[in-house]
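Participant: Dropping the structure in here first, questions after.
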Amino acid sequence: MDLNEILEQIQGFIAQYAMQVIGAILTLIIGFWVIGRITKLVKKAMDRHIEEESVRDFLGSLVGIGLKVLLLLSVASMFGIEVTSFVAIFSAMAFAIGLALQGNLANFASGVLILVFKFFKVGDFVEVNGHAGTVTDIFIFHTVLVALDNRLIIVPNGQITSNAIQNYTAQGMRRHDLTVGIGYDDDIDKAKALIEEIVKGLPSVDLDAGYDIFVKELADSSVNFAVRFMAKNEHFWPAYKVFFERIKKEFDANDIGIPYPQMDVHLDKGE
């Protein structure tokens with residue numbers, strides 16, 4: 001093969017593929033520009049709904065990579081390259097990775113749901129999957145709680161979203177459901193008036209939210225009152241402690257007994 005034949009083949013190749021090459025280059029330039037714009041818009045949208053920066057960056061990168069892969073496959077098809085084989089390979093790889101990391105992927109997906117939909121936030125007192133505590137950190141794979149006894153509880157996010165979530169502090173106030181017992185010989189009306197006076201005197205109680213005091217049970221050795229009132233989250237436990245301290249002092253001062261378990265033993269001396 002002489003030089004003329006080689007030049008003719010080169011010219012023929014250029015004539016045949018020149019427009020395709022130019023079209024591919026233009027497609028790549030325009031495509032990468034469009035992908036950049038789309039990625040920025042997606043990140044801006046996530047900035048308004050996702051507080052965790054690492055989640056925003058990861059999801060933004062995931063969108064960008066996915067769009068770039070689609071762009072490259074589109075360019076390859078312009079040259080007559082069969083892309084179905086590439087799609088099959090990518091699918092097989094994604095399936096294998098998914099099987100290997102299915103637990104972590106479930107935790108990741110659940111973490112995204114928690115951060116996007118805000119089922120709870122840092123500082124909330126929640127009960128999830130049988131664990132109760134104050135939320136201190138929300139990570140992409142797990143959530144950290146501190147229990148009332150100061151235990152640190154780390155809960156995988158997948159276990160959180162697959163079970164019921166109880167958020168005790170989401171409404172800003174919590175209701176106390178307390179029980180106060182008096183003796184059967186004590187004056188019910190007097191006891192009820194004292195309890196109401198104590199509830200109204202608690203500085204941390206939201207009286208506008210209403211309260212309720214009523215006899216709920218005639219127990220074996222006591223008449224039990226149900227006492228319900230609302231307190232703000234930051235005053236919930238202080239209200240609990242002050243209430244029972246005042247109940248004891250006021251009942252003692254007004255001769256109202258607080259029953260306690262006791263047993264009467266009768267001895268038969270015989271004849």
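Computed from the coordinates by the stated procedures, all read-outs in this text should not be read as laboratory data. None of the values given here were measured: they were computed from a predicted structure.
Participant: Equivalent ellipsoid semi-axes for segment 186-231, as square roots of 5 times the alpha carbon gyration tensor eigenvalues: give them largest first, rounded to whole Å.
Facilitator: Semi-axis lengths for segment 186-231 are 22, 11, 7 Å.
Participant: Just the Cα atoms of segment 120-271, one point each, no solvent: what log10 I(q)/I(0) does Debye give at q = 0.14, 0.17, 0.19 Å⁻¹?
Facilitator: Log10 of I(q)/I(0), two decimals: -0.81, -0.97, -1.07.
Participant: Any idea what diffusion coefficient segment 119-167 gets from Stokes-Einstein, in µm²/s, Kirkwood Rh on alpha carbon pairs, 25 °C, 0.890 mPa s?
Facilitator: 236
Participant: Restricting things to alpha carbons, find the Rg to Rh ratio for segment 173-253 using the Kirkwood radius for Rh.
Facilitator: My calculation of the ratio gives 0.96.
Participant: Please list, or write none, the lysines whose alpha carbon is within less than 24 Å of the alpha carbon of residue 190, excluding same-chain residues fewer than 8 places away.
Facilitator: Result set, ordered by chain and number: 200, 216, 241, 248, 249.
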